[in-house]
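The values are calculated or read from the model by the stated rules, or taken from the named source; none is laboratory data. Worth saying up front: this structure is predicted, and the values here are computed from it rather than measured. Cβ placement follows ideal geometry from the backbone for every residue including glycine, while neighbour counts extend to all protein chains displayed.
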Amino acid sequence: MSRIGVFICHCGENISRTVDVERVAQVTARLPGVAIALDYKYMCSDPGQNLLKKAVAEHKLDGVVVAACSPRMHEKTFRNAARAAGLNPFLCEMANIREHCSWVHEDREEATAKAIDIVKFTVSRVKKDRALAPITVPITKRALVIGGGIAGIQAALDIADAGHQVVLVEREPSIGGHMAQLSETFPTLDCSQCIMTPKMVDVANHPNIKLYTWSEIEEVSGYIGNFQVTVRRKARSVDEDKCTGCGVCMAKCPQKKIDNAFDRNLGTRPAIYVPFPQAVPNTPVIDRDNCTRFKTGKCGVCEKVCGPGAIDYGQQDQLIVEPVGAIVVASGFDLYNIGPKPADSPYEGYGEFGYGAIPDVIDGLTFERLASASGPTGGKILRPSDGKEPKQVVFIQCVGSRAREKGISYCSKICCMYTAKHTMLYKHKIHDGQAYVFFMDARTPGKNYDEFWRRAVEEEEAVYIRGMVSRLYQKGDKVVVMGSDVLVGVQVEIEADLVVLATAVQARTGADLLAQKLGISYDRYNFYSEAHAKLKPVECATAGIYLAGACQGPKDIPDTVSQASAAAAKVMTLFAKDQLEREPIVARVNERNCAGCLACKKVCPYGAVEEKEIRDRNGNLIKTVAYVNPGVCGGCGTCQATCPSKSVELDGYTDEQIMAMIEAL
Amino acid sequence: MNNTAQKHDATPLVAESYYAAVTDALRTEAARLLSEGVVTAVIGYKEGRRHGTAGPAIVVDPARANELIFSAACVNNLALYLTKAKKGVAGTGKIAIVAKGCDLRALAGLMAESQIRREDLHIIGVACAGVFGSGADRREPLSAGNLAGKCRECSVGAPEGADIVIGTLPPLPELSPVEAEELARLEAMTPAERWAFWKENFARCIRCFACRQVCPFCYCEQCLCDRNRPQAVETTPRPAGNMAWHIVRAMHLAGRCAGCAECERACPMDIPLNLLNRKMARELKELYGHEAGLTPVEKGPLVIYREDDDQSFIK
Ligand SMILES: Cc1cc2nc3c(=O)[nH]c(=O)nc-3n(C[C@H](O)[C@H](O)[C@H](O)COP(=O)(O)OP(=O)(O)OC[C@H]3O[C@@H](n4cnc5c(N)ncnc54)[C@H](O)[C@@H]3O)c2cc1C
Ligand code: SF4
Ligand code: SF4
């Protein structure tokens, strides 16, 4: 006969308000196999846990049921208490009479009856629980960081400084991300390049960082502590070991008229290029789509001029497998496209703003390039159409953001601040110019942020007009902005020389595909989801994968860097141990019964099922059966549901237990 | 019932000489395979004790290859002998097996389920005009009148993917698909009528498990339905347990059953099991475009998850 203790929690009044906890205790105390049942105001408190520990000793309990909240809340707490009292923690189960009962019912009689049922079947389950030992798996103490924007750079540096190897994978030819494109940064107006490039150089020189640029993630397998990541190193056509970064090739390349994406297509670059002069690494890449040698077979100038002979037209993509124990995803963001709506985009686009057809209507990032000392105009703000200095500039905020009718309901968080910054940068460069801003609200929480915005309005004389813009059109060499000022209640029309749209921060195109490779979840806008909005803001629900920066949602640099360091700290915490302890709630195969159909192997979402050969003493193969690698198994139970002969079962959730629970009702 | 011969048209489907020729070629091939040591055994058919019948045979000696035959009486699906009934055979080395089109589909399915490996098999395909239905007078030649129901709508008469195919079939007449017609009749019923139909049929089940024993896909070491801790299906032949058993059988075979209809042939109580199999096969085809056993697919539709899977059935 079992000796089970039932501990019923009032949860303050959360449970006892609707459930008659004393009655639950009285009734369940009489269940066969139950040695003691008692109720207490807060089971999870110290005195509550002590009640449990004392009862285990006094009544020699061999199983414990805590009827309280969801196991997600306190299962660990009570299992630890059971362990402290000398009981195997896996002989302690939660009966959820809060979320599953008191919170969702009103009728006290019925709720009490249901609570009794829940305790009853949990008692049946505990009776058939097995004592389990935790599973330990070794940890590969190397981290992968995906994305070399400021988020990825910060995370990589922190982890590397802690003494661990880091593999940093960046899709572009250089690290830097969006921050490398910015001119000066709010709220302090320090030059973005100046604070960014030293960090980029640190990455390049760090002995613990292995940098793969012009590379992408091909495949990810494994699990926390033991991932296998296949990296595709795209053919660069330049041997990184030989190249000295002298840049002769770029100077001599005859094909120079290629739109420079880094400069938002305002300038041009050669076919062999680095995106910007401070690029890390400083090794160029050949843009094969635009290179004459690749298109026609003729040319080959770069090969001839390259002193160290680093040019290699025959280079192929390379696949490299990197074992890592943790992954930080820092793949950043894209901006809302102000041009025509791409066919597969879920977003509406801005027909009323000319769909990007008016050359002097640009987005904020393009303005950053115009204002940047290293930009295509050398830091002079000149408008794209005719290179004239714009004397009237209209900034429009919330383009795409907070526009439910256009498909995005969230606030992009950074645009109020950077638009204020833009008006300042503009005023600093063109003293007699006038900036106008159309805005819905000014959202400037953050240290010194509101002060910064006020400065734009009060000292730098930007005219803020609260209202929306309904239309933009070209009139001669002006862009006419038609909007409304809702505070005054009038229509406004401004003939602008340049219009800057603060377009929404969006998830990366293809962010969903990367997420699918990693097995992490994402929201309906394709931003990656954290495990808990408040308490686990940098962890993914998938163990061992962490988030940093704008890939998780719109963020400015301070927030991005904080999150990156937090993700790095999580990785370091993981790496502080040599072995990872995992819950032993894993599937086990009954090898005698298993027919080796491997249906379980086919359905297992974790790739935990392997084949195992059973041989007799003479080494003859008797049969091949399934084997569940306990280090990999996620305990989802999919195999159990699939196995036609019921030869694989999840500990703690065996068919026998489930049937016993049903029978208890 | 559907496997029972339909008693009308008695025109022979193929000439007697066809079977003689196939049998000859079969014997020559079997003798060659055994004497050259290509295989250690040939699984085929030999003459039964009663005239006009045939039964399974395993030949290991080239001298006895002339015991092998092929005729319309060769009803058994020999794939079975590679899984449970004579499991030991599979361990002895490469094996040759005589396979009709429907048997070949079972072999392909078993390969996909890791039960056998293609490289361990030498498949001797035989072009088949159909086999006798149960109750057919074996002294008469095979005709539309005594053909098994499943063969009336067979699409795999000439097996594909075998190592060798013996025989070339003469053009065969189009026959009315009696099983499909019966299925249509059932589908036209109201759910209550259909339930009554199956209840009546399953009520007769005596739980001899002949259907299970003869099925090449029921190769589990211990059937779920024989378990008692916990007991999933009541073991005594009572209505509830019978119903449960037959639902389990149908569900476990969905997407796998190759349509050989051996279960129905073996059933002493004449329960039209192949109707259920066909129904499941049709659902699988309509829902997932899957046909069991055409090629050894790595993952069948019921063990695969795709983002674009049809989910309209979730209501
Ligand atoms: C116009 C504008 C002005 C701004 N001004 C300021 C400012 O003044 N102050 C401020 O604090 N913030 C500002 N910001 C915000 C700032 O740019 C972001 O906070 C910051 O860039 C976020 O960094 P990140 O590393 O998360 O993303 P990103 O900078 O986008 O970097 C992501 C990196 O990951 C790489 N990547 C993407 N996908 C993959 C993949 N699949 N595999 C490998 N690599 C991949 C990308 O190539 C990129 O290098 C501004 C933003 C804009 C648009
Ligand atoms: S599904 Fe069941 S029988 Fe098939 S291999 Fe897995 S455990 Fe064995
Ligand atoms: S419970 Fe089964 S299906 Fe789920 S992860 Fe473990 S082995 Fe794979």
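Sort through A:Ile662, A:Ile622, A:Ile658 and tell me the only one that's more than 21 Å from B:Pro301 (Cα to Cα), touching a strand residue (DSSP E or B) at 6+ places or on another chain (Cβ under 8 Å) and more than 16 Å from ligand 1 (Cβ to nearest atom). Steps first, please.
Working: A:Ile662 fails: touching a strand residue (DSSP E or B) at 6+ places or on another chain (Cβ under 8 Å); A:Ile658 fails: touching a strand residue (DSSP E or B) at 6+ places or on another chain (Cβ under 8 Å).
Answer to the check: A:Ile622.
Report yes if A:Gln255 is in contact (Cβ under 8 Å) with a residue 60 or more places away in the chain and not assigned by TED's automatic domain parsing to the domain that holds A:Arg404, otherwise no.
Numbers: in contact (Cβ under 8 Å) with a residue 60 or more places away in the chain: no; not assigned by TED's automatic domain parsing to the domain that holds A:Arg404: yes.
Spelling it out, it is not the case that A:Gln255 is in contact (Cβ under 8 Å) with a residue 60 or more places away in the chain and not assigned by TED's automatic domain parsing to the domain that holds A:Arg404.
Does A:Asp312 satisfy the condition of being farther than 28 Å from A:Cys246 by Cα, in contact with an Asp or Glu (Cβ under 9 Å, 6 or more places away or on another chain) and acidic (Asp, Glu)?
Details: farther than 28 Å from A:Cys246 by Cα: no; in contact with an Asp or Glu (Cβ under 9 Å, 6 or more places away or on another chain): yes; acidic (Asp, Glu): yes.
Judged against the criteria, A:Asp312 is not a match.
From the list A:Ala608, A:Ala641, which residue is of a type in the set (Gly, Ala, Ser), free of Cβ contacts under 8 Å to residues at least 40 places away in the same chain, more than 9 Å from chain B (Cβ to nearest Cβ) and under 21 Å from A:Thr136 (Cα atoms)? Write out each step before concluding.
Values: A:Ala641 fails: under 21 Å from A:Thr136 (Cα atoms).
When all the criteria are applied, what remains is A:Ala608.
Could you give every pair whose Cβ atoms fall below 9 Å, whose first residue belongs to region A:382-399 and is under 17 Å from A:Tyr350 (Cα atoms), and whose second residue is among the polar types (S, T, N, Q), counting only separations of at least 6 or pairs across chains?
These pairs meet every condition: A:Phe395/A:Thr419; A:Phe395/A:Thr423; A:Ile396/A:Thr419; A:Gln397/A:Thr419; A:Cys398/A:Ser412; A:Val399/A:Thr503.
Please tell me if A:Ile311 is touching a residue at least 40 places away in the same chain (Cβ under 8 Å) and outside the structural domain of A:His178 (by TED's automatic domain parsing). Give the steps one after another, and end with the answer.
Details: touching a residue at least 40 places away in the same chain (Cβ under 8 Å): yes; outside the structural domain of A:His178 (by TED's automatic domain parsing): yes.
For A:Ile311, the condition - touching a residue at least 40 places away in the same chain (Cβ under 8 Å) and outside the structural domain of A:His178 (by TED's automatic domain parsing) - is met.
Within 14 Å of chain B (Cβ to nearest Cβ) and farther than 30 Å from B:Arg256 by Cα, is that true of A:Ala569? Even if it seems obvious, please write down each step before you answer.
Numbers: within 14 Å of chain B (Cβ to nearest Cβ): no; farther than 30 Å from B:Arg256 by Cα: yes.
So A:Ala569 does not fit the description; no.
Could you tell me whether A:Pro207 is out of contact with any strand residue (DSSP E or B) (no Cβ under 9 Å at 6 or more places or on another chain), at pLDDT 95 or above and outside any strand (DSSP E or B)?
Working: out of contact with any strand residue (DSSP E or B) (no Cβ under 9 Å at 6 or more places or on another chain): yes; at pLDDT 95 or above: yes; outside any strand (DSSP E or B): yes.
Criteria met by A:Pro207.
In region B:178-201, is there at least one residue being at pLDDT below 90 and buried (at least 17 other Cβ atoms within 10 Å of the Cβ)?
Scanning region B:178-201 turns up at least one residue that is at pLDDT below 90 and buried (at least 17 other Cβ atoms within 10 Å of the Cβ).
If you check A:Lys601 against the conditions, is it basic (Lys, Arg) and more than 10 Å from ligand 3 (Cβ to nearest atom)? Don't jump to the end; show me each part of the working.
Details: basic (Lys, Arg): yes; more than 10 Å from ligand 3 (Cβ to nearest atom): no.
No, not satisfied.
A:Gly176 fails exactly one of the following numbered conditions: (1) within 8 Å of ligand 1 (Cβ to nearest atom); (2) in contact with a strand residue (DSSP E or B) (Cβ under 9 Å, 6 or more places away or on another chain). What is the number of that condition?
The number of the failed condition is (2).
I'm trying to understand the selection: among the residues of region B:190-227, which are within 14 Å of another protein chain (Cβ to nearest Cβ), within 17 Å of the chain's Cα centre (by Cα) and outside any helix (DSSP H, G or I)? Walk me through how you get there before you give the answer.
Initial filter on region B:190-227 (within 14 Å of another protein chain (Cβ to nearest Cβ)): B:212, B:215-227.
Next, only the ones that are within 17 Å of the chain's Cα centre (by Cα) stay: B:212, B:215-219.
Selection gives B:Cys215, B:Pro216, B:Phe217, B:Cys218, B:Tyr219.
If you check A:Glu458, A:Glu530, which single one turns out to be of a type in the set (D, E, K, R) and outside any loop (DSSP other than H, G, I, E, B)? Write out each step before concluding.
Numbers: A:Glu530 fails: outside any loop (DSSP other than H, G, I, E, B).
Only one candidate qualifies: A:Glu458.
Which pairs turn up if I take residues in region A:534-554 that are surrounded by fewer than 22 Cβ atoms within 10 Å (Cβ to Cβ) and look for partners that are of a type in the set (S, T, N, Q) and assigned to a strand (DSSP E or B) with beta carbon separation below 9 Å, at least 6 apart in sequence or on another chain?
Close Cβ pairs (under 9 Å, with a partner that is of a type in the set (S, T, N, Q) and assigned to a strand (DSSP E or B)) amount to A:Pro554/A:Gln506.
What are the residues in region A:609-619 that are surrounded by fewer than 23 Cβ atoms within 10 Å (Cβ to Cβ) and either at negative phi or in contact with a strand residue (DSSP E or B) (Cβ under 6 Å, 6 or more places away or on another chain) (or both), if any? Break it down stepwise before answering.
Of the residues in region A:609-619, the ones surrounded by fewer than 23 Cβ atoms within 10 Å (Cβ to Cβ) are A:610-619.
Selection gives A:Glu610, A:Glu611, A:Lys612, A:Glu613, A:Ile614, A:Arg615, A:Asp616, A:Arg617, A:Asn618.
Among B:Pro237, B:Pro230, which is the only one that is of a type outside the set (Val, Ile, Thr), away from chain A (no Cβ under 14 Å) and not in a helix (DSSP H, G or I)?
Numbers: B:Pro230 fails: away from chain A (no Cβ under 14 Å).
Being of a type outside the set (Val, Ile, Thr), away from chain A (no Cβ under 14 Å) and not in a helix (DSSP H, G or I) holds for just one of B:Pro237, B:Pro230, which is B:Pro237.
Among the residues of region A:450-480, write down those that are acidic (Asp, Glu) and either surrounded by 15 or more Cβ atoms within 10 Å (Cβ to Cβ) or over 18 Å from A:Tyr426 (Cβ atoms) (or both). Spell out how you get there, then give the answer.
Filtering region A:450-480 down to residues acidic (Asp, Glu) leaves A:450-451, A:458-461, A:477.
Of everything in region A:450-480, those that are acidic (Asp, Glu) and either surrounded by 15 or more Cβ atoms within 10 Å (Cβ to Cβ) or over 18 Å from A:Tyr426 (Cβ atoms) (or both) turn out to be A:Asp450, A:Glu451, A:Glu460, A:Asp477.
Only one of these conditions is not met by B:Leu302: (1) modelled with pLDDT of 90 or more; (2) within 13 Å of another protein chain (Cβ to nearest Cβ). Which number is it?
(1)
Residues A:Val248, A:Val203, A:Val166: which one is in contact with a helix residue (DSSP H, G or I) (Cβ under 6 Å, 6 or more places away or on another chain), surrounded by fewer than 22 Cβ atoms within 10 Å (Cβ to Cβ) and among the β-branched types (Val, Ile, Thr)? Step through it out loud before you land on a result.
Numbers: A:Val203 fails: surrounded by fewer than 22 Cβ atoms within 10 Å (Cβ to Cβ); A:Val166 fails: surrounded by fewer than 22 Cβ atoms within 10 Å (Cβ to Cβ).
Testing whether each residue is in contact with a helix residue (DSSP H, G or I) (Cβ under 6 Å, 6 or more places away or on another chain), surrounded by fewer than 22 Cβ atoms within 10 Å (Cβ to Cβ) and among the β-branched types (Val, Ile, Thr) leaves just A:Val248.
So in region A:466-525, with the set limited to residues that are of a type in the set (Val, Ile, Thr), closer than 30 Å to A:Glu218 by Cβ and in a loop (DSSP other than H, G, I, E, B), which one is nearest to the chain's Cα centre (by Cα)?
Only one residue tops the list, namely A:Ile520.
Report yes if B:Arg50 is out of contact with any Pro (no Cβ under 6 Å at 6 or more places or on another chain), in the same structural domain as B:Ala148 (by TED's automatic domain parsing) and surrounded by fewer than 16 Cβ atoms within 10 Å (Cβ to Cβ), otherwise no. Explain how you work it out, then say what you get.
On the way: out of contact with any Pro (no Cβ under 6 Å at 6 or more places or on another chain): yes; in the same structural domain as B:Ala148 (by TED's automatic domain parsing): yes; surrounded by fewer than 16 Cβ atoms within 10 Å (Cβ to Cβ): yes.
Considered against the rule, which asks whether it is out of contact with any Pro (no Cβ under 6 Å at 6 or more places or on another chain), in the same structural domain as B:Ala148 (by TED's automatic domain parsing) and surrounded by fewer than 16 Cβ atoms within 10 Å (Cβ to Cβ), B:Arg50 comes out as yes.
Provide a single number: the residues in region A:621-643 that are within 26 Å of A:Leu132 (Cα to Cα) and within 11 Å of ligand 2 (Cβ to nearest atom).
Narrowing region A:621-643 to residues within 26 Å of A:Leu132 (Cα to Cα): A:625-643.
Adding the requirement that they be within 11 Å of ligand 2 (Cβ to nearest atom) leaves A:625-628, A:638-643.
The total comes to 10.
Does A:Asn618 meet the test of being in a loop (DSSP other than H, G, I, E, B) and more than 13 Å from ligand 2 (Cβ to nearest atom)? Write out each step before concluding.
Values: in a loop (DSSP other than H, G, I, E, B): yes; more than 13 Å from ligand 2 (Cβ to nearest atom): yes.
Spelling it out, A:Asn618 is indeed in a loop (DSSP other than H, G, I, E, B) and more than 13 Å from ligand 2 (Cβ to nearest atom).
Tell me the residue from B:Asp137, B:Asp103 that is surrounded by fewer than 22 Cβ atoms within 10 Å (Cβ to Cβ) and acidic (Asp, Glu), please. Reasoning before the result, please.
Numbers: B:Asp103 fails: surrounded by fewer than 22 Cβ atoms within 10 Å (Cβ to Cβ).
Only one candidate qualifies: B:Asp137.
I'd like to verify a number: residues in region A:644-657 that are more than 10 Å from every other protein chain (Cβ to nearest Cβ) and either more than 10 Å from ligand 3 (Cβ to nearest atom) or buried (at least 18 other Cβ atoms within 10 Å of the Cβ) (or both), how many? Spell out how you get there, then give the answer.
Let us first name the residues in region A:644-657 that are more than 10 Å from every other protein chain (Cβ to nearest Cβ), namely A:648-653.
Restricting the remaining residues to those that are either more than 10 Å from ligand 3 (Cβ to nearest atom) or buried (at least 18 other Cβ atoms within 10 Å of the Cβ) (or both) gives A:648-652.
Final tally of qualifying residues: 5.
Select from region A:579-601 the residues that are within 14 Å of ligand 2 (Cβ to nearest atom) and surrounded by fewer than 20 Cβ atoms within 10 Å (Cβ to Cβ) and list them in ascending order. Full working, then the answer.
In the first step, residues of region A:579-601 are kept if they are within 14 Å of ligand 2 (Cβ to nearest atom); the result is A:586-601.
Answer for region A:579-601, where residues must be within 14 Å of ligand 2 (Cβ to nearest atom) and surrounded by fewer than 20 Cβ atoms within 10 Å (Cβ to Cβ): A:Arg588, A:Asn590, A:Glu591, A:Arg592, A:Asn593.
When you go through A:Ala660, A:Ala626 one by one, which is the residue that is away from ligand 3 (no atom under 15 Å from the Cβ) and either outside any loop (DSSP other than H, G, I, E, B) or within 12 Å of chain B (Cβ to nearest Cβ) (or both)? So that I can check it myself, show each step before the final result.
Working: A:Ala626 fails: away from ligand 3 (no atom under 15 Å from the Cβ).
Of A:Ala660, A:Ala626, the one residue that is away from ligand 3 (no atom under 15 Å from the Cβ) and either outside any loop (DSSP other than H, G, I, E, B) or within 12 Å of chain B (Cβ to nearest Cβ) (or both) is A:Ala660.
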